[in-house]
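Peer 1: Structure below; questions to follow.
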Amino acid sequence: MCGIVGAISSQNVVPVLIQGLLRLEYRGYDSCGVAVHVQGGLQRARGTSRVAELQAQIEASGFAGATGIAHTRWATHGVPSVDNAHPHFSHGPGEHAGEGPGRIALVHNGIIENYDILRTELQERGYVFRSQTDTEVVAHLIDSLYDGDLLRAVQAALPSLKGAYALAVFCKDEPQRLVGARAGSPLVLGVGPECSSLYLASDALALTGVTDQIVYLEEGDSCDLQTGQYAVYDKTMRPVASRSRPVLTVHPPGSSTDLGPYRHYMQKEIFEQPRAIADTLQGVERIDANLFDGKEEAADAMLRSVDSVLILACGTSYYSGCVARYWLEAIAKIPTQVEVASEFRYRECVPNERTLVVVISQSGETADTLAALRRTRDLGMRRSLTICNVATSAMVRESRLAYITRAGVEIGVASTKAFTTQLAALFLLTLVLARQRNRLDDAQCAEHLRAARHLSAAMQAVLALEPQIMAWAQDFASKEHALFLGRGLHYPIALEGALKLKEISYIHAEAYPAGELKHGPLALVTSAMPVVTVAPNDALLEKLKSNMHEVRARGGVLYVLADADTHIDSEEGLHLIRMPEHYGALSPLLHVLPLQLLAYHTACLRGTDVDKPRNLAKSVTVE
Ligand code: F6R
């Protein structure tokens, strides 16, 4: 999703801005741009193709500057176009449309909800709008409040903005100054040696190789960057002491961003899962509440005090929560609810202060999940745990307990290794809660842990099935619809398989608990409808076989993932892949792998942009 980089230095900052955009590219965008301060004014380059082409455009024109901002845009208000791409410039009453830039240059992540009213007011005052974006109003608003002090103008504008924003702004009249502000969208400040260069970015990752000295701005903060010094202000616009916004040394995420022998990041990330699981479980010697780092109190006491669990997340992370509900209720016997964060945040619910709120997120910055976490806090539900792949993310910072999955940076928009590592963390949570409540004894815990440690090897064996999946993908590549069926613990895996297929191959895919088939979706089944069935050898297998007969009787073609010892055989209309071994409670972590590979190979055959599927972004920081 949208990305921000800003820099101020004594040197040309354009290479740093471009490098930053390249690092944020994987999040998805449809246009990009850079603006710098040049002698006597503002200059910018914008485009609707890739950052590499913007870079070529800039190199050809040779512009350079010591203060600048850059942006990747993921369209919300206004189509992807050069005019709508950031940075935006103000065009005040004195400057006529088409006659060069005004004095404020600005990039913005988030959504300004009241932009319509502001736009009308500013137009009445003579401001000229050249884009359809909500962002341009902010540039004009700051311009209208500018009296020679950029920080003051930005801070004066903020109370008028409704919605979410991270802003980076500079002004023609103050070349050595960059101002930032955030509310609802992340923004960090990067500090070079002795403040000789200073940076803003929507994610510290953008500054990898530039500086590892990072200040995380908090909700409502604004900041003033001038060569050699910076200052942070809180939401009341008062200066903040450096100890409450400390400079942290932030190491870039573990795994490399090189593709290695792989064709796509998604493929690389699928095959990294055995390593990611091993890393996530590394150092877990025994089942102990201290696995979930506590900031304010011992995790043990907090986890003992809860009487139920509420899991909030979006997309793939939500499906990992759906799997966890089965574990938490079956193994730990603790009542568990799972809800899509975007629904929870706006619904009236009955808060229970003894509920453990668990938010799950790869990025830790997803706007809806973060808002849902805050809403639980406002409702008095203060026992919170984040399961997340980014240790420095807002969700980790804002919850009391955390478990950091060690998937390494996930670049493919379609989540794979983040999902399985989330499941590993949720399984540990289940064991901790179960042990505390005497639902499991030490020997049973040790047995579960042994199985978890063996997962990496078991995953390797499943990934070796790739050639068989590729044969299935040949059939799927020509289809426009697919059904996925599962039962119990594997119903969320069917949901995840369908989501993967639709998001990267653009095939319409739906998942159902198999028992629901005859309550509606069976009407869709014809020989043109492939039906993927996740059929592990568990208590529901015989029921699932009946559902498969229902499909075959209507001419539907089955693609079945069955365990080695299951009495299901290939026959006409039934394609079978045997999983190497049955894996009990942890079986979802294995069954999801063939479904990830199926989506991946189908998408490759259809020639889609696997790592950057259309319309999607990696980190959804707006509602
Ligand atoms: C699907 C996918 C998304 C994310 C969702 C939540 O492959 O990646 O559905 O799972 O946008 O993102 P996080 O986990 O970062 O909160």
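Peer 1: Any residue at all in the range 477-489 that is touching a strand residue (DSSP E or B) at 6+ places or on another chain (Cβ under 8 Å), exposed (fewer than 15 other Cβ atoms within 10 Å of the Cβ) and in contact (Cβ under 8 Å) with a residue 12 or more places away in the chain?
Peer 2: Yes.
Peer 1: Let me ask you something else. Going by what's in this entry, would Arg406 be described as within 16 Å of the ligand (Cβ to nearest atom) and either out of contact with any Pro (no Cβ under 6 Å at 6 or more places or on another chain) or among the aromatic types (Phe, Trp, Tyr) (or both)? So that I can check it myself, show each step before the final result.
Peer 2: Working: within 16 Å of the ligand (Cβ to nearest atom): yes; either out of contact with any Pro (no Cβ under 6 Å at 6 or more places or on another chain) or among the aromatic types (Phe, Trp, Tyr) (or both): yes.
Judged against the criteria, Arg406 is a match.
Peer 1: While we're on this one: If Ser415 satisfies all but one of (1) modelled with pLDDT of 95 or more; (2) more than 15 Å from the ligand (Cβ to nearest atom), what's the number of the condition it fails?
Peer 2: The number of the failed condition is (2).
Peer 1: Quickly run through the range 491-515 and pick out the residues that are assigned to a helix (DSSP H, G or I), away from the ligand (no atom under 13 Å from the Cβ) and open to solvent by 30 Å² or more (accessible area, probe 1.4 Å). Break it down stepwise before answering.
Peer 2: Quick first cut of the range 491-515, residues assigned to a helix (DSSP H, G or I) only: 491-505, 514-515.
With away from the ligand (no atom under 13 Å from the Cβ) added as a condition, the list becomes 491, 493-494, 514-515.
Within the range 491-515, just Tyr491 meets the criteria.
Peer 1: For the range 167-200, which residues satisfy the criterion of being within 17 Å of Val622 (Cβ to Cβ) and within 19 Å of the chain's Cα centre (by Cα)? If you could, list the steps in order and put the result at the bottom.
Peer 2: Within the range 167-200, the subset within 17 Å of Val622 (Cβ to Cβ) is 167-168, 181-187.
Of everything in the range 167-200, those that are within 17 Å of Val622 (Cβ to Cβ) and within 19 Å of the chain's Cα centre (by Cα) turn out to be Arg182, Ala183, Gly184, Ser185, Pro186, Leu187.
Peer 1: Name the one entry in Gly92, Gly62, Gly68 that is open to solvent by less than 10 Å² (accessible area, probe 1.4 Å), at pLDDT below 95 and over 22 Å from Gly163 (Cα atoms).
Peer 2: On the way: Gly62 fails: open to solvent by less than 10 Å² (accessible area, probe 1.4 Å); Gly68 fails: at pLDDT below 95.
Testing whether each residue is open to solvent by less than 10 Å² (accessible area, probe 1.4 Å), at pLDDT below 95 and over 22 Å from Gly163 (Cα atoms) leaves just Gly92.
Peer 1: On to the next question. Quick check on Ser587: is it assigned by the TED database to the domain that holds Lys500, more than 16 Å from the ligand (Cβ to nearest atom), of a type in the set (Ser, Thr, Tyr) and open to solvent by 30 Å² or more (accessible area, probe 1.4 Å)? Don't jump to the end; show me each part of the working.
Peer 2: On the way: assigned by the TED database to the domain that holds Lys500: yes; more than 16 Å from the ligand (Cβ to nearest atom): yes; of a type in the set (Ser, Thr, Tyr): yes; open to solvent by 30 Å² or more (accessible area, probe 1.4 Å): no.
Judged against the criteria, Ser587 is not a match.
Peer 1: Can you find even one residue in the range 328-337 that is surrounded by 20 or more Cβ atoms within 10 Å (Cβ to Cβ) and within 16 Å of the ligand (Cβ to nearest atom)?
Peer 2: Scanning the range 328-337, I find no residue that is surrounded by 20 or more Cβ atoms within 10 Å (Cβ to Cβ) and within 16 Å of the ligand (Cβ to nearest atom), so the answer is no.
Peer 1: Among the listed residues Leu151, Leu145, Leu161, Leu187, which satisfies the condition of being open to solvent by less than 30 Å² (accessible area, probe 1.4 Å) and more than 18 Å from Ala367 (Cβ to Cβ)?
Peer 2: Numbers: Leu145 fails: open to solvent by less than 30 Å² (accessible area, probe 1.4 Å); Leu161 fails: more than 18 Å from Ala367 (Cβ to Cβ); Leu187 fails: more than 18 Å from Ala367 (Cβ to Cβ).
After ruling out the rest, the residue left standing is Leu151.
Peer 1: May I pose another question? Any idea which residue in the range 307-337 is farthest from Ala414 (Cα to Cα), counting only those that are part of a helix (DSSP H, G or I) and among the aliphatic types (A, V, I, L, M)? Full working, then the answer.
Peer 2: Of all residues in the range 307-337, those part of a helix (DSSP H, G or I) come to 315-330.
Still in the running and among the aliphatic types (A, V, I, L, M): 323-324, 328, 330.
On the way: Val323: 18, Ala324: 20, Leu328: 26, Ala330: 29 Å.
So the residue we want is Ala330.
Peer 1: I'd like to check something: does the range 557-570 contain any residue that is charged (D, E, K, R), part of a strand (DSSP E or B) and closer than 21 Å to Ser587 by Cα? Break it down into steps so the answer makes sense when it comes.
Peer 2: Here is the first cut: in the range 557-570, the ones charged (D, E, K, R) are 563, 565, 569.
Imposing the further condition that a residue be part of a strand (DSSP E or B) reduces the set to 563.
Still in the list and also closer than 21 Å to Ser587 by Cα: 563.
Yes: the range 557-570 contains one or more residues that are charged (D, E, K, R), part of a strand (DSSP E or B) and closer than 21 Å to Ser587 by Cα.
Peer 1: Next up: Evaluate the following for Ser619: is it small (Gly, Ala, Ser) and outside the structural domain of Leu489 (by the TED database)? Explain how you work it out, then say what you get.
Peer 2: Values: small (Gly, Ala, Ser): yes; outside the structural domain of Leu489 (by the TED database): yes.
Yes.
Peer 1: Which condition breaks for Val107 when tested against (1) closer than 25 Å to Tyr199 by Cβ; (2) surrounded by fewer than 23 Cβ atoms within 10 Å (Cβ to Cβ); (3) β-branched (Val, Ile, Thr)?
Peer 2: Looking at each condition in turn, Val107 falls short on (2).
Peer 1: Since Ile311 meets every condition but one in (1) under 30 Å from Leu151 (Cβ atoms); (2) open to solvent by less than 30 Å² (accessible area, probe 1.4 Å); (3) modelled with pLDDT of 95 or more, which condition does it not meet?
Peer 2: Single failed check for Ile311: (1).
Peer 1: Here's another thing I want to ask about it. Considering each residue of the range 424-442, count those that are within 16 Å of the ligand (Cβ to nearest atom) and farther than 13 Å from Val358 by Cβ, and give that number. Can you show your working first?
Peer 2: Going residue by residue through the range 424-442, those that are within 16 Å of the ligand (Cβ to nearest atom) are 424-426.
This time we only want the ones that are farther than 13 Å from Val358 by Cβ, so: 424.
So the count comes out to 1.
Peer 1: Residue check: is Thr621 outside any helix (DSSP H, G or I), within 16 Å of the ligand (Cβ to nearest atom) and open to solvent by 20 Å² or more (accessible area, probe 1.4 Å)?
Peer 2: Working: outside any helix (DSSP H, G or I): yes; within 16 Å of the ligand (Cβ to nearest atom): yes; open to solvent by 20 Å² or more (accessible area, probe 1.4 Å): no.
Considered against the rule, which asks whether it is outside any helix (DSSP H, G or I), within 16 Å of the ligand (Cβ to nearest atom) and open to solvent by 20 Å² or more (accessible area, probe 1.4 Å), Thr621 comes out as no.
Peer 1: Can you tell me which residue among Gln474, Gln460 is among the polar types (S, T, N, Q), under 24 Å from Ala425 (Cβ atoms), open to solvent by 30 Å² or more (accessible area, probe 1.4 Å) and more than 16 Å from the ligand (Cβ to nearest atom)? Spell out the reasoning first.
Peer 2: Numbers: Gln474 fails: under 24 Å from Ala425 (Cβ atoms).
The conditions single out Gln460.
Peer 1: Output the number of the condition that Thr227 fails; it satisfies all remaining conditions of (1) open to solvent by less than 10 Å² (accessible area, probe 1.4 Å); (2) in contact with a strand residue (DSSP E or B) (Cβ under 8 Å, 6 or more places away or on another chain).
Peer 2: If we test Thr227 against (1) open to solvent by less than 10 Å² (accessible area, probe 1.4 Å); (2) in contact with a strand residue (DSSP E or B) (Cβ under 8 Å, 6 or more places away or on another chain), just (1) comes out false.
Peer 1: Any residue that is of a type in the set (S, T, N, Q) and over 22 Å from Asp563 (Cα atoms) - is there at least one of those in the range 462-473? Give the steps one after another, and end with the answer.
Peer 2: Looking only at the range 462-473, we keep the residues that are of a type in the set (S, T, N, Q), and these are 468.
Right, trim to over 22 Å from Asp563 (Cα atoms) and you get none.
No, the range 462-473 contains no residue that is of a type in the set (S, T, N, Q) and over 22 Å from Asp563 (Cα atoms).
Peer 1: Can I ask one more? Report yes if Ser317 is in contact with a Cys (Cβ under 7 Å, 6 or more places away or on another chain), within 30 Å of Gln444 (Cα to Cα) and within 16 Å of the ligand (Cβ to nearest atom), otherwise no. Please lay out each step first, then the result.
Peer 2: Values: in contact with a Cys (Cβ under 7 Å, 6 or more places away or on another chain): no; within 30 Å of Gln444 (Cα to Cα): yes; within 16 Å of the ligand (Cβ to nearest atom): yes.
So Ser317 does not fit the description; no.
Peer 1: Are there any pairs, at least 6 apart or on different chains, whose C-beta atoms fall under 6 Å, with the first in the range 306-327 and in the same structural domain as Val357 (by the TED database) and the second among the acidic types (Asp, Glu) and open to solvent by 10 Å² or more (accessible area, probe 1.4 Å), and if so, which?
Peer 2: Between residues of the range 306-327 that are in the same structural domain as Val357 (by the TED database) and residues that are among the acidic types (Asp, Glu) and open to solvent by 10 Å² or more (accessible area, probe 1.4 Å), the close pairs are Leu312/Glu339; Cys314/Asp368.
Peer 1: So, one more: Tell me which residues, restricted to the range 347-397, are within 11 Å of the ligand (Cβ to nearest atom) and part of a loop (DSSP other than H, G, I, E, B).
Peer 2: Within the range 347-397, Gln362, Ser363, Gly364, Glu365, Thr366, Asn389, Val390, Ser393 qualify.
Peer 1: Same structure, new question: For the range 260-306, how many residues are open to solvent by 20 Å² or more (accessible area, probe 1.4 Å), of a type outside the set (Gly, Ala, Ser) and outside any helix (DSSP H, G or I)?
Peer 2: Going through the range 260-306 one residue at a time, the tally reaches 14.
Peer 1: Testing Thr526 on (1) of a type in the set (Val, Ile, Thr); (2) out of contact with any helix residue (DSSP H, G or I) (no Cβ under 8 Å at 6 or more places or on another chain); (3) surrounded by 16 or more Cβ atoms within 10 Å (Cβ to Cβ), one condition comes back false. Which one is that?
Peer 2: Answer for Thr526: the failing condition is (3).
The values are calculated or read from the model by the stated rules, or taken from the named source; none is laboratory data. Small disclaimer: the values here were computed from a predicted structure and weren't measured. Backbone-built Cβ (ideal geometry, glycine too); neighbour counts: all protein chains shown. Side chains included, ligands, DNA and RNA excluded: accessible areas come from the protein's heavy atoms. Shrake-Rupley method; radii C 1.70, N 1.55, O 1.52, S 1.80 Å.
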